[in-house]
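Enquirer: Here it is, the structure in full.
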Amino acid sequence: MVDGFTRKLTHCGQRIAIALVTILVVLGINFQSNPWVDAHFMPDMGESSNHFSLNGTWRIWPETIEQQNRPSHVAATNNTKVLPDFSNITWQDIYVPANWYLQGHDLHDVVWYQRIFEVPQSLINENNVVKLVFEGIDYEADVWLNGHYLGSHQGYFEPFDFRVNQLLNRDSSNILTVRVNSPLEEQDQDWSLHKRFIKGIFAHHDTRPGGAWTKRGQEKNTGGIWAPVYLQSSNTLAIDNIQVTPKLNHDGSHATADVVVELDYQDTESQEITLDFQLVPENFLGDAGEHVRIQQRIHPDNNSFRIHLEQNSPKLWWSWEHGDPNLYRLKLKITDSTQLLDQHETVFGFRSVEWDHKQQIWKLNNKRLFLRGTNYIASQWLSEMTADKYLFDIGLMKKANINAVRVHAHITGQEFYEGCDRNGLLVWQDFPLQWGYVDDSRFREEAIRQGKAMIQTLYNHPSIFAWSLHNEPPWDADWMQYKYKTYDPQQNYQLDQALFNGLKGYDPSRYLHQASLTSEHPWWGWYSNTFEKYAEPTEEPLITEFGAQALPDINVLRRIFSEDELWPDNKSDWAKWEYHNFQQHETFNLAQVPMGKTLNEFVNNTQQYQAVVNQFASEAYRRQKYQPVSGIFQFMFTENWPSINWGIVDYWRTPKPAFEALRRAYQPLLPSIEWTQQRWHLGEKVNLPVWLINDLWEDFPNAQITFSLSHQNKVIDSRQFTHNIPADSRQRLSVANYAPTQLGEYEFIVTLRDHHGDFLADNLFLFQIDPTAASNTDR
């Protein structure tokens, strides 16, 4: 059994490796073009007349636990907070933006940040509104400017700001002080079942440093000022937010942009203003729209306005395999009778995405759509990511024929969503709730607040089509009874009900998924059963996790482990492998992947098993397209730190063989070969049903289909016929029947060409003929 399994995977791996090299050449992936090879910080954004960057060198002071517990350390008086005495403090330099771990500071809990700066006069004219903007701090922040307490914020992903024009020194230096607190969860019994901080996979997950179930599972904390900091200036008022909801008529020939504008006005008297709107093509050729001007009277403090902008014959946003991801730029200028007060631009797309509950199908711009997805965690430390790195990952996803990506149990950097907008990649966005949390009203209220912040922050991105609120909550995860002594099967049920009810009307344009449930995560061949169980019919329309672990290549392992640790043969070595996420029990006992006798065999066996599982499961679910499966999300695309987990692309962005296997299984037009065994004995008939799955919205009349069987690199049987392939369809074509007369390995290939003879798609299956009968479950 083991030998046959190894032989089959080795031969298959050679062919996958050849195809993988071809993919890499097409992608141009090499040491010069891979942004992960020579990682560096992005240059500062620089300054303009109304923008002043505070990125660069700051200084930090980590508090000790004893200092944090002093009653008078940060004194609170009349809803404000007083700074401690810094006179005897030894500061250290740190770069901002960055997670402190990436700057060589392995810290947690309270770290004080400070930046001394001078402001250009042009930024703080008498009538200017100046906002101090933080785009992201993990996790809690208290902020002071020149000794004045500005306020606090909680949550790692949400941008926030303070109005500071009255507090800035015009003729001398300014001191900005931030108390950042990124605490650990309390290390009591079952701590990870009762988490208090909304950080998703960054706080507790089986792909983070230490994994989910070791005592070291909170190491390498993600805290810090990880996103840009800057001052933003405008005249008299500030545009705080522009929210655009696209609406299409039934055939997409006319669209409306429902625009909501929120303003912060600091004057004491009401004022007449003019809002000037214009729609401009962003990434396609076309004429700019006419200016739409409206007069409004604004009042002190916050103001909100709504306007409907009409667009005839709009260029719609499509996913990459169905059309162009057309985008529009909405420009807004606000003036009074004499001058410009503020201006702002936002990019959006005209599109509609609908989940038809009755038919259990997705529709993009009123056309049925099948989701070929993946799960994604770009990095354990978000400041590590750049626009180039996100675009590199997006390019790999498209090469793997992925059209949808689930941002798994966290919110990632804005550049990723912008890249998906421009590349036609759909995004299923998770809220950062992962497994168990405390059940109290305070946490519930904060979850609802942060849920609304997620939606508001990401609202204008056309790529986002769904919000999902909780990954495997305790009330749905009975496997937790084996992990936790205090497990309660009703835990977090009221939390999730309240969160769903609190958000369900907040974004009427998108689907809201209460929780990603365990029934959507079959995990056959890894946590239970064998991978062949994927061939059985499912009742689930959405499969949001499936996959298997695999080791990265040996040169990558050498960057993670010492030479002595590369072949783990003692408790200490295995503990380090476990810290880096490798699962022994699942690999050897459940999946029954042989370790082999050499490291090369070990790597190859795990990689080929991962490739087989991903392709087998993907094709099995695609053969159930709309019956009832409407979307599938392989787990996981990339590894988010130097580790051994479920990624089909390692941390340094080298694809594993499963990348090519998924690319083949995710071809929009797929000849799928149905099999449940890989070995027959001489004299048995080999019957291989062939299916045609077409996710494209076009017919292929008189397509040329070729069945080819090879043995010892020689074609021994070839059959060709024509067949009409309807748009957006699945059909069982025929059964390829063979009665091999020789022992050894055979290769069955199905090739599709259009009626002109141009290549469309292909697929292959390797099987073995043995001299004696073999069990059908023998892998």
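Enquirer: Within the set K358/K485; K247/K398; K195/K533, which residue pairs have Cα atoms separated by over 31 Å?
Expert: K358/K485; K195/K533
Enquirer: Now for a different question. So what's the back-of-envelope 222 nm ellipticity for the chain, counting only DSSP H runs of four-plus at -39500 (n - 2.57) apiece and dividing by all residues, rounded to 500?
Expert: Result for the chain: -5500 deg cm²/dmol, rounded to the nearest 500.
Enquirer: Mind checking which lysines have their C-alpha under 21 Å from K714, skipping anything on the same chain fewer than 8 residues away?
Expert: Filter leaves K8, K685.
Enquirer: Taking θ as phi - 60°, what are the ³J(HN,Hα) couplings along the stretch 611-623 by the Karplus curve (6.51, -1.76, 1.60), each to the nearest whole Hz, with x for Gly and Pro?
Expert: 5, 5, 4, 5, 6, 4, 5, 4, 5, 4, 6, 5, 5
Enquirer: Provide the per residue accessible area, probe 1.4 Å, for the stretch 309-362, rounded to a whole number of square angstrom.
Expert: Value for the stretch 309-362: 49 Å² per residue.
Enquirer: In whole Å, how far is the Cα centre of the stretch 243-278 from that of the stretch 134-173?
Expert: The stretch 243-278 and the stretch 134-173 have Cα centres separated by 28 Å.
Enquirer: Now, a different point. Return the long-range amide H neighbours of N128 (sequence gap of 5 or more, or a different chain), with a cut-off of under 5 Å between placed amide H atoms.
Expert: Residues meeting the amide H criterion: T236.
Enquirer: Residue by residue through the stretch 462-470, which ³J(HN,Hα) values in whole Hz follow from phi under the Karplus form 6.51 cos²θ - 1.76 cosθ + 1.60 (θ = phi - 60°), with glycine and proline marked x?
Expert: x, 5, 6, 10, 8, 10, 10, 9, 8
Enquirer: Taking the Cβ of A575 as the center, what net charge do the other residues with Cβ under 15 Å away carry, scoring Lys and Arg +1 and Asp and Glu -1?
Expert: Summing Lys and Arg as +1 and Asp and Glu as -1 gives -2.
Enquirer: OK, next. Counting Lys and Arg as +1 and Asp and Glu as -1, what is the net charge of the other residues whose Cβ lies under 11 Å from the Cβ of E565?
Expert: Counting the neighbours of E565, the net charge comes to -2.
Enquirer: Residue farthest toward the positive end of the dipole of the chain, with Cβ of Lys/Arg at +1 and Asp/Glu at -1: which of N724, L54, T177?
Expert: N724
Enquirer: If you don't mind, another one. Skipping prolines and chain starts, which residues have an amide H placed within reach, meaning under 5 Å, of the one on I464, given they are 5 or more residues away or on another chain?
Expert: It is V427, by chain and number.
Enquirer: So, with a 1.4 angstrom probe, what is the percent of accessible area on the chain that is carbon and sulfur?
Expert: With neighbouring chains kept in place, the figure for the chain is 46 percent.
Enquirer: Is the stretch 141-278 best put as rounded, prolate or oblate by its Cα gyration tensor, with a ≥ b ≥ c the root eigenvalues, rounded for a/c under 1.5, and otherwise prolate when a/b is larger than b/c, oblate when not?
Expert: Note, shape of the stretch 141-278 comes out oblate.
Enquirer: Send over a whole-number figure in Å² for the accessible area per residue of the stretch 540-609, probe 1.4 Å.
Expert: 42
Enquirer: Taking the C-alpha atoms of the stretch 132-210, how large are the radius of gyration and the largest Cα-Cα span, Dmax, in Å?
Expert: 16.6, 55
Enquirer: How much net charge surrounds A727 when only the other residues with a Cβ under 12 Å from the Cβ of A727 are counted, with Lys and Arg +1 and Asp and Glu -1?
Expert: Taking every Cβ under 12 Å from that of A727, the sum is -1.
Enquirer: Throw me the Rg/Rh for the chain, computed over C-alpha atoms with Kirkwood Rh, two decimals.
Expert: Ratio of gyration radius to Kirkwood radius: 0.99.
Enquirer: Here's something else I'd like to know. Taking the Cα atoms of the stretch 363-402, what is the range of coordinates along each of the three principal axes, in descending order and whole Å?
Expert: 38, 18, 16
Enquirer: With +1 assigned to the C-beta of every Lys and Arg and -1 to the C-beta of every Asp and Glu, and no other charges, what is the dipole magnitude of the chain about the Cα centre in debye, to the nearest 20?
Expert: It comes to approximately 1600 debye.
Enquirer: Whose amide H sits under 5 Å from the amide H of Y149, counting only residues 5 or more places off or on another chain, with H placed in the peptide plane?
Expert: Amide H neighbours of Y149, under 5 Å, 5+ apart: K81.
Enquirer: For the stretch 445-553, which trypsin sites (Lys or Arg not before Pro) pass both filters: DSSP loop (anything but H, G, I, E, B) and at most 13 other C-beta atoms within 10 Å?
Expert: Filter output for the stretch 445-553: K485, K504.
The values are calculated or read from the model by the stated rules, or taken from the named source; none is laboratory data. Quantities reported herein were computed from a predicted structural model and do not represent experimental measurements. Heads up, the Cβs are rebuilt from the backbone with ideal geometry, glycines too, and the neighbour counts pull from every protein chain shown. To get the accessible areas, we keep the full protein, side chains included, count just its heavy atoms, and leave off ligands, DNA and RNA. Shrake-Rupley method; radii C 1.70, N 1.55, O 1.52, S 1.80 Å.
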